[in-house]
Structure formats: structure tokens, C-alpha cells
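The next block holds one structure in the form of C-alpha cells; read it before the comments.
The values are calculated or read from the model by the stated rules, or taken from the named source; none is laboratory data. These numbers come from a predicted model, not from an experiment. Counting neighbours? That spans all protein chains shown, and the Cβs are built from the backbone with ideal geometry, glycine included. Accessible surface is based on the protein model in full, side chains and every heavy atom, while ligands, DNA and RNA are left aside. Shrake-Rupley method; radii C 1.70, N 1.55, O 1.52, S 1.80 Å.
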Amino acid sequence: MTRKLQAASGMLFGLFVAAHLLNTWLAAAGPGPYAALQRTLSGVYQAPLLEWLILLAVLVHVGCAGVRWWSERRDRLPWRARLHRYCGVFLMVVIGGHVTAVRLLPGANGFQPGFEGVAFSLALLPAFFYPYYWLLGFAAAYHGLNGIALAATRLGWRWQLPTPWLCAGAAGAGALTLLALLGFGGVLFEIGDPWQSEFARLYQRLLNG
């Protein structure tokens, strides 16, 4: 039962993650396309009922993962399963701070962080946020792709994802995330001054108390 709950909740949350990743990767095309897709997607997944449903799926998925991790803590897992678990642990550790930074704080102050918000974070602490965002993109893609394959089996579907395809998909996601970060960072095109963004002003207010 735990495995099926984990699979079903992961599939639901995976749809949101896939949309979020596509939006992020579009940053390599410029602020305009990124903002246009974000407006469209956020109008869907930030609808009150759906947003609460996504949150419930995350909580159920994490809870099931914790139960399984405890019961299987002595099991010897193959590398594909170990990497899946490591990516899941990383995502579980950072998701609270990520949601607070990109949804709760901006939402409470009446704006979305948008392209400029990510650009500001990269300008503020590049040594931290470049690897953080890259790991976030890679881990989400690997955990999502491998999770879809696991969920399909647990829910009774006859579908498998060969390991070479999984590796190619995760590597491609890593490359696209890197390109997106170069876009956010102003390497691919001119982006203006990130310190003039709404997110930068919020940071200054919080910093100054």
C-alpha cells in the first residue's frame, strides 16, 4: 500500500515538477518567453484547490519515502536506486526553503519572483546558487524520470525506462539547466540590473529588519 501511495503521489507531483523544469529551461530563450510561460503555468498550478492538492501529494510522497527508508535501511540497493534515493533526499531537504523563497515570501508581498528573482539570487551568491540550482534541476529530472518508471510498475503498467535512456535524460536535463542558468546570469544576453528587481527590494527590507 505504501508503495502505491508513493507512486500515485509522485506521479501527481511529477506533473508539476515537469512544468516547472520546462519553464526554467525556457530561461535560455530570454526573460520574455520565460515570463510568458510562467504566467500561463502559474495560473493553473497556483489555483487554490490544485495548489493544496500538490502540497498534499508532496507530504504523502515524503511520508511514504520516510516509512520505506526506515524499513529498507539495511537493504543493499543497486546504483540506480541509490542515486534515486540520494536525489530524493536532496529534494526533500531543500524543498521547504525553496518554496518559502519563491512562493511564500513573494506571494505574501504581492509579486512573483520571476526571471529577475532567480537572476538576483545568482548575482547575490553565485558560488552557492549556481551549483544549488543545477543540482535542483538534475536531481528533479533524475528522480522524476526514474520515479515514473517505478510508479508505472507499481501501478500495474507494463512500461520500463532503460538505464541508458534514464542517463541520457538526466544528462540532457543537466545541460538544459546549465543553459538556463547562463540565461538567468546574463551570460547569454543582456538582462539588466537584478538589484533593481522586486525580489532585491524584498531582500533589502528583510535584511534591514
Quick one: would you say Ala200 is in a helix (DSSP H, G or I) and free of Cβ contacts under 8 Å to residues at least 60 places away in the same chain? no
First in segment 110-135 and of a type in the set (D, E, K, R), second anywhere and at pLDDT below 95 and open to solvent by less than 30 Å² (accessible area, probe 1.4 Å), Cβ under 9 Å, 6 or more apart: Glu116/Pro194; Glu116/Ser197; Glu116/Ala200
Would you pick out the residues in segment 65-82 that are of a type in the set (Phe, Trp, Tyr) and either over 16 Å from Met92 (Cβ atoms) or within 18 Å of the chain's Cα centre (by Cα) (or both)? Trp79
Name the residues in segment 158-186 that are over 10 Å from Phe138 (Cα atoms), aliphatic (A, V, I, L, M) and either crowded, with 19+ Cβ neighbours inside 10 Å or free of Cβ contacts under 8 Å to residues at least 60 places away in the same chain (or both), would you? Leu161, Leu166, Ala168, Ala180, Leu181
Just give me the residues in segment 187-203 being among the polar types (S, T, N, Q) and surrounded by 14 or more Cβ atoms within 10 Å (Cβ to Cβ), in sequence order. Ser197
Which of the residues belonging to segment 79-119 are farther than 22 Å from Tyr34 by Cβ and open to solvent by 80 Å² or more (accessible area, probe 1.4 Å)? Trp79, Arg82, Tyr86, Met92, Val93, Ala108
Could you check segment 146-168 and list, in sequence order, the residues that are at pLDDT 95 or above and closer than 18 Å to His20 by Cβ? none
Just a yes or no: is a residue in segment 100-111 within 25 Å of Gly172 (Cα to Cα) and within 19 Å of the chain's Cα centre (by Cα)? yes
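Rundown of residues vs (1) over 18 Å from the mean Cα position of the chain (by Cα); (2) open to solvent by 50 Å² or more (accessible area, probe 1.4 Å), yes/no style:
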{"site": "Ala19", "(1), (2)": "no, no"}
{"site": "Leu22", "(1), (2)": "no, yes"}
{"site": "Gly30", "(1), (2)": "yes, no"}
{"site": "Ala35", "(1), (2)": "no, no"}
{"site": "Gln38", "(1), (2)": "no, no"}
{"site": "Leu41", "(1), (2)": "no, no"}
{"site": "Leu49", "(1), (2)": "yes, yes"}
{"site": "Leu56", "(1), (2)": "no, yes"}
{"site": "Gly63", "(1), (2)": "yes, no"}
